[in-house]
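Notes to accompany the following structure.
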């Protein structure tokens, strides 16, 4: 399969799956909110990537987003995925295989971590950042926070300060 992702806009890849462990997944509505907020700050072309087992996740995200995004989940070979990642300005991913591939390919990669230990499983690569939920709950990672970091990273890369760091997502405040 030949996919051409040449675009005037920065291309952002999103890997919303995490195997069969739902606790490691940022919910589709969080990805959709992230997409909307980052796009409002800086128009981008968004591409959902992943394997066939994650098609429903991609469909849920595309239904929630109010503009066209590319969903190639389940349609690529490993080699094709590498080519898509190489054309991307940024990868935002749950803790999964695509996250590790992004780090190895050398693109700026933001890994979202909930219950797994980012000190052990963080993405490889000099351009990787981890955003970890200190509670272990993925819903404690605020999409606005991730969109702000993504926008900053896109603006200041390759001189972005937090590369290689584990950032603790701000905790949600609850009414008492």
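Quick check: anything in segment 127-139 in contact (Cβ under 8 Å) with a residue 60 or more places away in the chain and either assigned to a helix (DSSP H, G or I) or touching a helix residue (DSSP H, G or I) at 6+ places or on another chain (Cβ under 7 Å) (or both)?
Among the residues of segment 127-139, at least one is in contact (Cβ under 8 Å) with a residue 60 or more places away in the chain and either assigned to a helix (DSSP H, G or I) or touching a helix residue (DSSP H, G or I) at 6+ places or on another chain (Cβ under 7 Å) (or both), which makes the answer yes.
Take residue 23 and tell me if it is free of Cβ contacts under 8 Å to residues at least 40 places away in the same chain and either closer than 24 Å to residue 121 by Cβ or in a helix (DSSP H, G or I) (or both).
On the way: free of Cβ contacts under 8 Å to residues at least 40 places away in the same chain: no; either closer than 24 Å to residue 121 by Cβ or in a helix (DSSP H, G or I) (or both): yes.
So residue 23 does not fit the description; no.
Can you tell me how many residues within segment 90-106 are touching a strand residue (DSSP E or B) at 6+ places or on another chain (Cβ under 6 Å), closer than 24 Å to residue 156 by Cα and not in a helix (DSSP H, G or I)?
5
Can you find a residue that is assigned to a loop (DSSP other than H, G, I, E, B) and closer than 23 Å to residue 6 by Cβ anywhere in segment 115-125?
No, every residue in segment 115-125 fails to be assigned to a loop (DSSP other than H, G, I, E, B) and closer than 23 Å to residue 6 by Cβ.
Does segment 152-167 contain any residue that is closer than 26 Å to residue 40 by Cα, exposed (fewer than 15 other Cβ atoms within 10 Å of the Cβ), modelled with pLDDT of 85 or more and under 17 Å from the mean Cα position of the chain (by Cα)?
Yes, segment 152-167 contains at least one residue that is closer than 26 Å to residue 40 by Cα, exposed (fewer than 15 other Cβ atoms within 10 Å of the Cβ), modelled with pLDDT of 85 or more and under 17 Å from the mean Cα position of the chain (by Cα).
Exactly one of (1) touching a strand residue (DSSP E or B) at 6+ places or on another chain (Cβ under 9 Å); (2) touching a residue at least 60 places away in the same chain (Cβ under 8 Å); (3) within 16 Å of residue 149 (Cβ to Cβ); (4) part of a helix (DSSP H, G or I) is unmet by residue 39. Its number?
Going through (1) touching a strand residue (DSSP E or B) at 6+ places or on another chain (Cβ under 9 Å); (2) touching a residue at least 60 places away in the same chain (Cβ under 8 Å); (3) within 16 Å of residue 149 (Cβ to Cβ); (4) part of a helix (DSSP H, G or I) one by one, residue 39 breaks only (2).
Quick one: would you say residue 73 is part of a helix (DSSP H, G or I) and without any contact (Cβ under 8 Å) to a residue 60 or more places away in the chain?
no
With respect to the numbered conditions (1) surrounded by 15 or more Cβ atoms within 10 Å (Cβ to Cβ); (2) under 21 Å from residue 141 (Cα atoms), which one is the sole condition not fulfilled by residue 29?
Result: residue 29 fails condition (1) only.
The values are calculated or read from the model by the stated rules, or taken from the named source; none is laboratory data. Note that the coordinates shown come from a computational prediction; the quantities given were computed from them, not determined experimentally. Here Cβ is always computed from backbone atoms with ideal geometry, including for glycine, and neighbour counts include all displayed protein chains.
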